[in-house]
Amino acid sequence: MAKHLGAKPRIGLLGTGPWAGRTHAPALAGHPGVEFSGVWGRRAEAAEELAAASGTRAYDDVDALFAASDAVAFALPPDVQAPLAVRAARAGRHVLLDKPVATTVAGAREVAEAVEEAGVASVVFCTLRFAEETARWIEERRAAGGWFLGEAHWLGSLYGAGSASVYADSPWRREKGGLWDVGPHVLSVYLPVLGDVTAITAVAGPADTHHLVLRHGSGASSTATLTLSAPAEAAEVTLSLHGAEGRAELPRWGGAVDAFGSAVDALLTAARTGEPHACDARFGLRLTEILTEAERLAAQSAADRA
């Protein structure tokens, strides 16, 4: 059974990497409506360091952190996150998940089912759904309707020549590439505006690049080119919609800390009202289903060309 939320809910953090240190921990420590109840990590020394910098305490036992919390946020690799999210939900804790929820459909489905069976709230932190500028734009485009085409380029240079990004050391990003790291961002915009994906074509490009062509439930189609390996000079993030209102381009957005704070608010609202958020664990499962099929089709295309 989900824990009742008091006036100032306790939220713990699982994860101690750069994303946790730069986004999750500052947002939780600075949020006036929550108590940052503690940090757990796979490396005890990293948890101690992040907890000390954030004014909270470190836990070496994840179940002890669950016991001290009403909800938990995750900043872990997806396939480490998924089983721990199941465990948290079964302990009655609301869950604020990172994207992708898991890189297997079975793993993501287990999370969604555990959340539903336990009656806890869930939110998946797809940044564009919670950053003020892009969240407003998505809702306005959804309300307007009449779109027949979407085009997206998410050309990251994480693995480009000369990159010094701290995120380049992430083993799961290195293995899964842009399809799984930035693909959820693009889909998190397309699905609420154009409708669910009903058909997929996918081919692999250079390095980790993937090209997707999608058909949506509204009848619209969309494309997406996704990579973390673009040369720095070619890096860009663009997404545009074309339809009855002409062309609409996704605006630039502010920092991830504020967006994560909005995701915390969304989780608390869902927990208190019992109304699922649109970007919940079930939505996270759908993202994993789409990305899994795109990955399969791209690999099959590459094998056919070999």
Review point. What longest region of the chain stays clear of trypsin sites (Lys or Arg not before Pro) that DSSP places outside H, G, I, E and B and that have at most 13 other Cβ atoms within 10 Å?
Key: 44-251
Revision key, fill the gap. Quick tally, 1.4 Å probe accessible area for Tyr159, Tyr190, sorted with the most first, runs Tyr159, Tyr190
Study note, to complete from the structure: Output for segment 91-226 (equivalent-ellipsoid semi-axes, sqrt of 5λ from the C-alpha gyration tensor, Å, descending) is 24, 23, 15
Review point. For Ala299 and Ser218, what does the FRET efficiency come to when R0 = 22 Å and r is the distance between their Cβ atoms, rounded to the nearest 0.05?
Key: 0.20
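If you average 1/r over all unlike Cα pairs in the chain and invert the result, what Kirkwood radius do you get in angstrom? Show your work: numbers first, answer last.
Working: mean 1/r = 0.0507 Å⁻¹.
Result for the chain, one decimal place: 19.7 Å.
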Point to revise | Listed peptides 63-72, 27-36 by packing density, highest first (mean Cβ within 10 Å) | key: 63-72, 27-36
Practice item. May I have the extent of the alpha carbons of segment 10-120 along their three principal axes, as whole Å values ordered from largest to smallest? Key: 36, 24, 23
Review point. Rg to Rh ratio, segment 211-283, alpha-carbon atoms and Kirkwood radius?
Key: 1.05
Practice item. Take segment 246-296, compute every pairwise Cα distance, and split them into 5 Å bins from 0; I just need the percent in each bin. Key: 4, 16, 14, 15, 19, 19, 10, 2
Study note, to complete from the structure: Counting only protein heavy atoms with a 1.4 Å probe and every protein chain in place, the carbon and sulfur fraction of the accessible surface of the chain in whole percent equals 51
**Study point:** More than 14 Å apart - percent of Cα-Cα pairs taken over segment 149-213
**Key:** 63
Review point. Restricting the count to DSSP beta bridges whose residues both fall in the chain, what percent are antiparallel, rounded to a multiple of 5?
Key: 50
Review point. Quick one: accessible area per residue over segment 126-246, 1.4 Å probe, rounded to a whole number of Å²?
Key: 42
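The values are calculated or read from the model by the stated rules, or taken from the named source; none is laboratory data. Predicted model, so just to flag it, every value in this text is computed and none were measured. All Cβ positions, even for glycine, are placed from backbone atoms using ideal geometry, and neighbour counts span all protein chains on display. Protein only, heavy atoms only, side chains kept; ligands, DNA and RNA dropped before computing areas. Shrake-Rupley method; radii C 1.70, N 1.55, O 1.52, S 1.80 Å.
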